[in-house]
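Asks: Starting off with a structure, shown below.
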Amino acid sequence: MSIDEYKGLMVFAEQREGKIHPVAYELLGKGTEIAQKLNVEVSAIVLGSNMGDELNELFYHGAQTVYVFDHPVLADFDLLNYKHNIARLVNEVKPETILIGATHLGRSLAPRIAAAVNTGLTADCTALEVGEEGNLVQIRPAFSGNIFAYIRTTTRPQMATVRYKVMQALPRDTSRKGGLIQKEPDIIDSMLKIVGKETTGGVNIAEADVIVCGGRGVKRSNDFALLQELADALGGITGCTRPIVDDGWMGKEHQVGFSGHTVKPKLYVAVGVSGSPQHLAGMRDSDVILAINADPSAPIFRLADYGIVGDLYEVVPKLVAEVRQRS
């Protein structure tokens, strides 16, 4: 099939319990930017049950057309039925580009869709550009984040999963309208049965406005109580670098960086963090970065907005006292 037969950009709008995941709005924002350069349409695809007014949010955030598969089986993520119905739509509509959030769900779904429609996939992108002849250039960290790979897909559709919190959503505009197209779902026997749901403990570091992150400069696992005091005083949560998780001091849900979470808080306090490329890839877009490190040559200071050269065991308690005094 000729590449010329494919046109348009499609975003998979992930939903959880009937609510659109915010990564979909980020993808629509970037998708709109790309589509305007290529003079094509931006569409979204949703699988769920009785989504109601939530579908309008996709229009408010930039979708021009929304394809909806509505069925009780699709209310919860059903890998085989999601893959089967999305692949059907892709083969029918033939979008040139498909963007999917690099969430746990998206990372499981995207490669199966790519295999079903016989195309390539670039995973965990942190940037997207329009290259020569309108090709999508997909940019992702490689070799543990030490370099960035620029990838162009020769097959169609071009598919990429994109990390949460690395793209900018469009401002919500309720005057935006679009076309809603109901598609008849084809429900297959997937042999999947949800017997229960459990939370992950309530930590959602990607959504935090304030993060106090500890690195190798924290000498003992119990010393993270110091960082927790500062986080509590600032109304934030604690994070950590990969070595801390590898040592078993904190869970992976707290990890910031290439192999952890990408975050974009209003304030990021890096305590005893050297600033490896792997870590910087996950927090470089924070609004304000404060670094505390005893080594004045630590790479983190090159990125930080403010820096304190000193022993964290002396600096952090003083910061806590100052914050509490001003509260």
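Asks: Kindly check whether there is at least one residue in segment 220-233 that is part of a loop (DSSP other than H, G, I, E, B) and more than 17 Å from the chain's Cα centre (by Cα).
Replies: yes
Asks: Residue by residue through segment 255-281, note down the ones that are under 19 Å from E207 (Cα atoms), in a loop (DSSP other than H, G, I, E, B) and among the polar types (S, T, N, Q). Working first, answer last.
Replies: At the first step, the residues of segment 255-281 found to be under 19 Å from E207 (Cα atoms) are 255-270, 279-281.
Then drop every residue that is not in a loop (DSSP other than H, G, I, E, B), which leaves 257-260, 262-266, 281.
Residues satisfying the conditions are S259, T262.
Asks: Looking at R284, R302, R324, which is the one that is outside any helix (DSSP H, G or I), of a type in the set (D, E, K, R) and touching a residue at least 12 places away in the same chain (Cβ under 8 Å)?
Replies: Details: R302 fails: outside any helix (DSSP H, G or I); R324 fails: outside any helix (DSSP H, G or I).
Of R284, R302, R324, the one residue that is outside any helix (DSSP H, G or I), of a type in the set (D, E, K, R) and touching a residue at least 12 places away in the same chain (Cβ under 8 Å) is R284.
Asks: Oh, and also: Quick test for you: out of S43, S108, S2, pick the one residue that is surrounded by fewer than 19 Cβ atoms within 10 Å (Cβ to Cβ) and either touching a strand residue (DSSP E or B) at 6+ places or on another chain (Cβ under 7 Å) or at pLDDT below 95 (or both). Give the steps one after another, and end with the answer.
Replies: Values: S43 fails: surrounded by fewer than 19 Cβ atoms within 10 Å (Cβ to Cβ); S108 fails: either touching a strand residue (DSSP E or B) at 6+ places or on another chain (Cβ under 7 Å) or at pLDDT below 95 (or both).
When all the criteria are applied, what remains is S2.
Asks: Please find, within segment 264-273, the residue that is surrounded by the most Cβ atoms within 10 Å (Cβ to Cβ) out of those that are in contact with a Lys or Arg (Cβ under 9 Å, 6 or more places away or on another chain) and at pLDDT 95 or above.
Replies: Looking at residues that are in contact with a Lys or Arg (Cβ under 9 Å, 6 or more places away or on another chain) and at pLDDT 95 or above, I get V273.
Asks: I'd like to check which strands (runs of 3 or more DSSP E) are fully inside segment 85-132 and have at least 3 residues that are touching a residue at least 60 places away in the same chain (Cβ under 8 Å). Please lay out each step first, then the result.
Replies: Details: elements: 97-101, 122-125, 127-130.
Filter on segment 85-132 gives 97-101.
Asks: While we're here: Of everything in segment 131-140, what is at pLDDT below 95 and surrounded by fewer than 22 Cβ atoms within 10 Å (Cβ to Cβ)? Give them in sequence order.
Replies: Scanning segment 131-140 gives G131, E132, E133, G134, N135, I139.
The values are calculated or read from the model by the stated rules, or taken from the named source; none is laboratory data. Everything quoted here is computed from the prediction, not taken from an experiment. FYI the Cβ positions are ideal-geometry reconstructions off the backbone, even for glycines, and counts take in every protein chain you see.
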